[in-house]
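Below is one structure; the comments refer to it alone.
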Amino acid sequence: MKANMKELTKGIFKENPVFVIVLGLCPVLGVSSQVSNAIGMSAGVMFVLLFSNIIISALRKIIPSSIHIPAYIVVIASLVTITEMVMHAFVPAVYSALGVYLPLIVVNCIILGRAEAFASKNTVFDSILDAIGMSIGFALGITLIALIRELFGSGTITLFPVGTFSGVINIPWFIDNPIRVLALAPGALLIMGFLKAFFDWNTLRKKDR
Amino acid sequence: MTKNIKYALILLSICAVCAFALALTNSITEPVIIKMDAEKRLNALKAVSGGYTIGEQKEVSGHAYVTYAIELSDNSKTAGYIVGLKSAGYGGEMTLVASYTTQGEMLFAQLLTHTETPGLGKKAEEAGYMDKFKGTGAAKPVPTNKTMLGDSEAQAVSGSSVTFTAVAKAINGGSEYVKSLGGAK
């Protein structure tokens, strides 16, 4: 049970895919301009990572090592295409907001990285825990960057519209004094750099103890 | 040899299962997407019609930018045209609808489909992006280059020059096409 919990929680802090393993940075930097985009991308990555880990783990004794990469890519690309079609049909606003980054989940290193490093060597149950932990870690990473960028860069927090709620929360003071550069592409790199430094400092501090 | 055939069969089986899953998902999502796209297109046509009566759609083939044209009428008199446009943006093909007076002056335009980069070219779908082209195409030329824009407008398209040029060329192409139809009847 303790080992299972370790598989689940390692992706959240200790092996966080964004700040520690530094995987999948393209969508993290690209779509972290709004919180709603970060949540949508996290949902897409979670679905693809969970099912790719399940399928690849279940087929690990059938897929020979010499053809494992094309086999994994076919599975991952199919799952991404399914995600894209479902989002296009049922959550068009998120589909439109994610744009080209949605099909790019195919080449997100987290998906192939976990398939190669974990799912191909472990049981289906452990692979599910790994996928959930890594997805939560990815979601926390991208949402944290998006929250900081949107709050300080635009003075808003954009969620999803529900009924009469437009989805956009205007934050007093911040909306009148935005640090525009944070909402632009360089802002993503700046915030990513500061948070990576914080995670590295925290890891070293724990090692020193 | 036997090993290669075995590998090929394994890959073939995986591909077949994936193809079946994709076909199943497509059969569920396709009707929803088609219905949604038709509604979006209808709303866009209404939005750019400027209150004129929308006529029948006529397909246009062989034009670099124009894919179809719809006559706009005011009390049975031709008031202008709505033109379906396509252009090559940074992320691939983009489609637009734009309305013009019979002299080729752009009235309204709206981006329909595109795969432009969020935060950059994707700004072209924002309300107000097309304002810089309003009233151009007849007496005033369509700004097909950033140097033809004012400082604030040029700043707004900074970082997405390819998208701006693609939209501008399509709108200019639509204007030229409407002019070629011969003006008011």
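Where a number appears in this text, it was derived from the coordinates with a stated rule and is not lab data. Keep in mind that what you see is a predicted model, and the values were worked out from it rather than measured. Methodologically, a virtual Cβ is constructed for each residue, glycine included, from the backbone with ideal geometry; neighbour enumeration extends over all protein chains shown.
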For segment A:188-202, Karplus couplings with θ = phi - 60° (6.51, -1.76, 1.60), whole Hz, Gly/Pro x:
4, 5, 4, 5, 4, x, 5, 5, 4, 4, 5, 5, 5, 4, 5
Full extension from A:Val181 to A:Ile67: what is 0.36 nm times the residue separation minus their Cα-Cα distance, to one decimal in nm?
36.5 nm
On average over all directions, what projected area in square nanometres does the protein assembly as shown have, based on the convex hull of its Cα atoms?
26.0
Degrees, to the nearest 10: A:35-58 long Cα axis against longest axis of chain A:
0
Using only the Cα atoms of segment A:1-113, build the gyration tensor, take square roots of its eigenvalues as a ≥ b ≥ c, and label the shape rounded, prolate or oblate: rounded if a/c is under 1.5, else prolate if a/b is larger than b/c, else oblate.
oblate
Divide by every residue of chain A the summed helix terms, -39500 (n - 2.57) for each DSSP H run of at least 4, and state the resulting mean residue ellipticity at 222 nm, rounded to the nearest 500 deg cm²/dmol.
-21000 deg cm²/dmol
Is there a simple number for the mean count of other chain Cβ atoms within 10 Å of the Cβ of residues in A:60-69, and what is it?
2
With respect to the cross-link table entries B:Lys86/B:Lys179; B:Lys35/B:Lys179; B:Lys40/B:Lys140; A:Lys6/A:Lys61; A:Lys196/B:Lys146; A:Lys6/A:Lys207, which display a Cα-Cα separation exceeding 28 Å?
B:Lys35/B:Lys179; B:Lys40/B:Lys140; A:Lys196/B:Lys146
Using the Cα gyration tensor of segment B:43-183, with a ≥ b ≥ c the square roots of its eigenvalues, what is the shape: rounded (a/c below 1.5), prolate (a/b larger than b/c) or oblate (neither)?
prolate
Using the crude model of +1 on Lys and Arg Cβ and -1 on Asp and Glu Cβ, and no other charge, please compute the dipole size for the protein assembly as shown relative to its Cα centre, in debye to 20.
1060
Sequence-distant or interchain residues sharing an amide H contact under 5 Å with B:Thr78, placed H: which?
B:Lys185
Counting alpha carbon pairs within less than 8 Å and at least 6 residues apart, what relative contact order, in whole percent, applies to segment B:43-183?
22
May I ask which residue of B:Gly89, B:Thr53, B:Ser76 lies farthest towards the positive end of the charge dipole of segment B:43-183, with charges of +1 (Lys, Arg) and -1 (Asp, Glu) on Cβ and the Cα centre as origin?
B:Gly89
Summing -39500 (n - 2.57) over every DSSP H run of at least 4 in chain B, dividing by its residue total and rounding to the nearest 500, the 222 nm mean residue ellipticity is -14000 deg cm²/dmol
